[in-house]
Structures are given as C-alpha cells and as structure tokens.
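*Asks:* Quick one: structure below, then a few questions.
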Amino acid sequence: MTKRAVVIGAGLGGLATAALLGKDGWEVTVVEKNDGPGGRAGVWRKDGFLFDLGPSWYLMPEAFERYFSLHGLRASDLLRLVRLDPQFRVFYGGGDTYDVRDRLSDNAALFDRLEPGGAAKTERYLAKAREQYDPPFATSSTASTTASPGSCGGTFSATASASACSAASMARRPGRSGTSGSSRSWSSPWSS
C-alpha cells in the first residue's frame with residue numbers, strides 16, 4: 001500500500017518536508033496558496049524585474065548543510081553564495097531609499113536616523129541573538145564559515161541579523177504593500 005501525504009505550503013519547510021517524505025517512498029502532494037513555490041523565500045516578477053519576497057541572508061548554514069546531507073549532498077554542491085554590498089536597498093513610495101550595508105558599523109548612522117538609538121538597540125539585539133544562537137547550535141564545522149563580528153550578511157545568524165533587525169523596522173513604515181495569490185496544487189517530483 002502506498003503511503004500518501006499532503007504538505008500544506010510550498011515554502012522552504014514544506015518543500016523540504018515533501019522531499020524527505022518522497023525520498024522515503026511517500027506519494028506527496030504539496031498545496032500552496034500562492035502562484036508558485038518559495039513561500040517567504042519566493043520571488044515576484046513585474047515588468048522585467050525580479051524581487052525577493054523574503055530572506056536576503058543565508059542564516060543558520062548548519063541547518064541547510066544538515067538538510068542537504070540527508071540527500072547525500074553539500075549545500076555548496078547546489079548553491080553559489082555571493083556576498084553583496086549593499087546587502088539590499090529599500091524603496092518607499094515617497095521616493096526615499098535606504099541601503100543596508102555589509103558591515104554593521106556602516107549602518108549605525110542609518111539605524112539611528114530611522115529610529116532614535118537604533119544602532120544601540122541593534123547592538124543589544126545582536127548580543128541577545130548571539131547568546132541564544134551560539135550555545136545550542138555553534139559547532140566547529142560552522143565556526144570556519146562564520147562572518148567576523150560586526151559584519152552583516154555573513155553566514156552567522158546573529159551578525160547577519162543586524163540588518164534584518166533594521167529591515168524589520170523599515171518594513172513597518174507606511175507605503176509597504178503585499179500580494180497574494182490563489183490556491184495551487186501540484187505533485188511533488190520526489191513522489192514514487
């Protein structure tokens with residue numbers, strides 16, 4: 001008898017779950033409300049431009065390495081990571097733009113301009129993130145790939161989150177709009 005599963009959501013978690021179930025012989029159907037897969041890691045295409053809908057950083061690389069290892073691969077077998085500076089540019093309807101730079105120290109003035117004490121708040125946030133992230137997850141295998149303290153957009157979650165912290169604050173500003181799609185369903189290519 002064939003084992004069947006329905007996975008709701010074609011974000012990274014849903015796709016990873018479907019792949020692992022398919023690998024174990026399950027017949028998997030993935031149901032997604034948006035026009036295509038990706039979830040928060042999806043993209044939006046408009047007038048010849050491509051926009052990321054979510055993550056701009058490669059956080060928690062050990063989680064990706066673990067997932068790919070379950071398929072006999074390494075993340076570097078499939079992904080080519082490129083460090084960017086600026087990490088990203090935020091556009092607002094009124095014509096304002098903000099560049100979030102690669103190095104945390106290069107963002108202090110921007111964070112303070114967007115929110116009084118923003119740079120200090122970011123530093124406190126990062127200190128707490130390091131405290132929460134390092135003990136349970138840091139390993140010698142990830143230590144060699146971490147970004148240096150004070151840089152944003154590296155592979156180390158706590159330091160990369162500096163820009164994410166400010167980006168979350170900027171995302172709450174007026175003029176931000178979202179999109180939604182209709183329900184979609186397709187069978188997993190990993191199904192037997």
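The values are calculated or read from the model by the stated rules, or taken from the named source; none is laboratory data. Quantities reported herein were computed from a predicted structural model and do not represent experimental measurements. Cβ atoms come from the backbone with ideal geometry, glycine included; neighbour counts cover every protein chain shown.
*Asks:* Go through the residues of the stretch 47-61 one by one and say whether even a single one is modelled with pLDDT of 90 or more, polar (S, T, N, Q) and touching a strand residue (DSSP E or B) at 6+ places or on another chain (Cβ under 9 Å).
*Replies:* Within the stretch 47-61 (the criterion being modelled with pLDDT of 90 or more, polar (S, T, N, Q) and touching a strand residue (DSSP E or B) at 6+ places or on another chain (Cβ under 9 Å)), the answer is no, since none of the residues qualifies.
*Asks:* Provide a single number: the residues in the stretch 1-28 that are in contact with a strand residue (DSSP E or B) (Cβ under 6 Å, 6 or more places away or on another chain), outside any helix (DSSP H, G or I) and without any contact (Cβ under 8 Å) to a residue 12 or more places away in the chain.
*Replies:* Number satisfying all stated conditions: 0.
*Asks:* Taking the residues in the stretch 96-120 that are at pLDDT 90 or above and closer than 20 Å to residue 53 by Cα as candidates, determine which candidate is surrounded by the most Cβ atoms within 10 Å (Cβ to Cβ).
*Replies:* 100
*Asks:* Which of the numbered conditions does residue 97 fail, given that it passes all the others? Conditions: (1) free of Cβ contacts under 8 Å to residues at least 24 places away in the same chain; (2) under 30 Å from residue 10 (Cα atoms); (3) hydroxyl-bearing (Ser, Thr, Tyr).
*Replies:* Going through the list (1) free of Cβ contacts under 8 Å to residues at least 24 places away in the same chain; (2) under 30 Å from residue 10 (Cα atoms); (3) hydroxyl-bearing (Ser, Thr, Tyr), residue 97 breaks only (2).
*Asks:* Among the residues of the stretch 29-41, which ones are under 18 Å from residue 52 (Cβ atoms) and part of a loop (DSSP other than H, G, I, E, B)?
*Replies:* 34, 35, 36, 37
*Asks:* When residues of the stretch 62-91 are filtered for being loosely packed, with under 14 Cβ neighbours inside 10 Å, among the acidic types (Asp, Glu) and in a helix (DSSP H, G or I), how many remain?
*Replies:* Total satisfying the criteria: 1.
*Asks:* What pairs come up if the first residue lies in the stretch 119-131 and is within 18 Å of residue 109 (Cβ to Cβ), the second is modelled with pLDDT of 90 or more and assigned to a helix (DSSP H, G or I), and their beta carbons are under 7 Å apart, counting only those six or more places apart or on different chains?
*Replies:* 119/108; 119/111; 119/112; 122/111
*Asks:* Is there any pair with a first residue in the stretch 40-61 that is free of Cβ contacts under 8 Å to residues at least 24 places away in the same chain and surrounded by 14 or more Cβ atoms within 10 Å (Cβ to Cβ) and a second that is of a type in the set (Phe, Trp, Tyr) and part of a strand (DSSP E or B) whose Cβ atoms are under 7 Å apart and which are 6 or more apart or on different chains, and what are they?
*Replies:* Cβ pairs passing all conditions: 53/44.
*Asks:* Looking at the stretch 63-87 only, could you name the residues that are under 16 Å from residue 13 (Cβ atoms), under 16 Å from the mean Cα position of the chain (by Cα) and in contact (Cβ under 8 Å) with a residue 40 or more places away in the chain?
*Replies:* Within the stretch 63-87, 67 is the sole residue that qualifies.
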